[in-house]
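Inspection log for the structure reproduced underneath, given as structure tokens.
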Amino acid sequence: MTVQVILKGFGEVVKEVTFRVRRYDPEKDNTPKYSEYKVPVKKGMTVLDGILYIKEHIDPSLSARYSCRMGICGSCAMIINGKERLACQTQILELNKDLIKVDPLGNYNLIKDLVPDLSKLFNNHKSVKPYIIRNDNPPTAEYLQKPEEREKYAMFTECILCGACLSACPTMAADDLYLGPQALAQAYRYIADSRDMGFEERLNVLDSKHGVWRCHFAGACSEVCPKGVDPALAIQLLRGVLMKNSFFGYKQVPAPVGKERPTVVEGLKVLEEKIKESEKK
Amino acid sequence: MRESKIMFLQYLTGLLILVFGGLHFLALSFLTPSPDKQLYVYQSATNHTLVGGALYYNYVLDIYKNLAWAAVFELFLTVVTFHAFNGFRIILSEQFSGPTASKVISYSMLIIGLIVFIWGTRTILLAFLG
Ligand code: SF4
Ligand code: FES
């Protein structure tokens, strides 16, 4: 017996909306302009689907960045009806509007149409060294961490680097060199990780003129984050750490290494040999 | 100095402004010795009683001649100047980034802040010495 699943109303055109999309081609235009497109909307259709409909049926020259279409890769963040959102996670019908206004993320240079240049986001992210830093020997097993230790930073691991928070941040709009909510949240994520020992290495970047103290707590970052990260909270927590550090010093206690794993030890040897070989070459 | 230390001072001076500002307000509004709060109104048979806060200029000046109060005003001036000019430095360095701009802003705020502080101290001293 075959079971047929019928999704009621799925695929039916429900209404027509107008997409007002900001267009900009650096090779042709001096300033951005808006173009309007009529898009038939079916149930379940996202704003990204709408943009792809325009590309396929009306104007193939429209550019947007996307990849996973399921809110994982963070490529499709844009400003939809005035708020930063992931286009692939925004249901057109849920917006409940006949006009959908789509702008590229703000506070970034523009490459074309809805494609911002995210180098600022990635460079700032890189500058806070977003990885576990240890000054002891390479581990022969995993570092041990209790679930409650993980809780301290768990929320901040959800960041998908979509860049929406930097676009919403008013300090980012004023201060070119400000690190921004994403990088600061990630700095806290690693500093609060019991396996990390890299606080000192990040200190100069964080405790600087354009670092953690420039946040005005507008909270726009936390408001728009599609993954429920609260960068504004991370910034407050980070300030606490830095304040403590500047008066009493801040000590990180390294998490212990688990019971030696032969496979890891073996792997390390192979790795060392490979490094030596490549050094010889 | 690390930014965190400067910001600590910024928050501390913010709080102290509330304390010294409160004292300043108290001194001028309630503690000013005005034993005779009667005002004779020209061509009128009655005297009017002055109500809360009306000040005799000379009595206000008397407060400045008191060493403890002069010290409070000097401290008030110090915290206000630091808080204000460090605040300007922060606002300006957000608007104009880059190492040169940052130096120009920091030093100019320091110099202007010092001038304001010296001028304010001069006023307090002149009032204190009568
Ligand atoms: S913190 Fe949120 S809004 Fe900011 S980059 Fe990460 S996922 Fe995007
Ligand atoms: S396309 Fe990957 S998050 Fe939207």
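The values are calculated or read from the model by the stated rules, or taken from the named source; none is laboratory data. Nothing here was measured: the structure is a model prediction, and the numbers come from that model. Glycine also receives a Cβ, built like all others from the backbone with ideal geometry; neighbour counts cover every protein chain displayed. What goes into the accessible areas is simple: the full protein's heavy atoms, side chains included, and nothing from ligands, DNA or RNA. Shrake-Rupley method; radii C 1.70, N 1.55, O 1.52, S 1.80 Å.
To put it simply, the accessible area of segment A:2-116 at a 1.4 Å probe is 49 percent carbon and sulfur.
Only DSSP H runs of four or more residues enter the estimate; each adds -39500 (n - 2.57), and after division by the residues of the protein assembly as shown the mean residue ellipticity at 222 nm equals -14500 deg cm²/dmol. Label reach from A:Lys83 (point 7 Å along Cα→C-beta): in segment A:10-53, amide nitrogens under 15 Å belong to A:47.
May I ask you to derive the FRET efficiency for A:Ser208 and B:Asn58 from their Cβ-Cβ distance with R0 = 51 Å, giving the value to the nearest 0.05? With a Förster radius of 51 Å, E is 0.45. With both labels modelled 7 Å from their Cα along Cα-to-Cβ, the B:Leu67 to A:Lys259 distance reads 7.6 nm. Please compute the Kirkwood hydrodynamic radius of the protein assembly as shown from all pairs of different C-alpha atoms, in Å with one decimal. The answer is 26.9 Å. Given the C-alpha centroids of segment B:59-89 and segment A:156-191, what is the distance between them in whole angstrom? So the separation of the two Cα centres works out to 40 Å. Give me the distance between the Cα centres of segment A:88-123 and segment A:199-223, rounded to whole Å. If you average the Cα positions of each part, the centres end up 25 Å apart. Free of any GluC sites (Glu not before Pro) that DSSP assigns to a loop and that have at most 15 other C-beta atoms within 10 Å, the longest stretch within chain A is A:143-259.
For an R0 of 56 angstrom, estimate the FRET efficiency from the Cβ-Cβ distance between A:Glu279 and B:Leu23 and round to the nearest 0.05. Let's see the in-between values first.
On the way: r = 69 Å, r/R0 = 1.24.
Once the sixth-power term is evaluated, E becomes 0.20.
Ligands, DNA and RNA are left out, and with a 1.4 angstrom probe the accessible area of chain A is 55 Å² per residue.
The trypsin sites (Lys or Arg not before Pro) found in segment A:1-69 that occupy coil by DSSP, while having at most 14 further C-beta atoms within 10 Å, are A:Lys8, A:Lys28.
Note on A:Lys28 and A:Lys129: their simple-model spin labels are 4.8 nm apart, each label 7 Å out from Cα toward Cβ. Taking 0.36 nm per residue of separation and subtracting the Cα-Cα distance, full extension of the segment from B:Thr123 to B:Ile91 would add 8.7 nm. Quick one: work out the % antiparallel among DSSP beta bridges in the protein assembly as shown, nearest 5. Within the protein assembly as shown, antiparallel bridges account for around 85 percent of the total. The C-alpha radius of gyration of segment A:2-116, expressed as a fraction of 2.2 N^0.38 Å, stands at 1.11.
Among the trypsin sites (Lys or Arg not before Pro) within segment A:102-202, not one is in coil by DSSP while having at most 13 neighbouring Cβ atoms inside 10 Å.
A:Thr140 exposes around 40 Å² of accessible area when a 1.4 Å probe is run over every protein chain in place.
Chain A and chain B together bury an accessible surface of about 1500 square angstrom, both sides counted, with a 1.4 Å probe and no ligands or nucleic acids included. Between A:Phe247 and A:Glu94, the modelled label-to-label distance comes to 4.4 nm, taking each label 7 Å out from Cα in the direction of the beta carbon.
Would you give the gap between the C-alpha center of segment A:13-32 and the C-alpha center of segment A:42-61, rounded to a whole Å? Between the Cα centres of segment A:13-32 and segment A:42-61 lies a distance of 12 Å.
What does the charge dipole of chain A about its Cα centre add up to, to the nearest 20 debye, if the Cβ of each Lys and Arg holds +1 and the Cβ of each Asp and Glu holds -1?
140 debye
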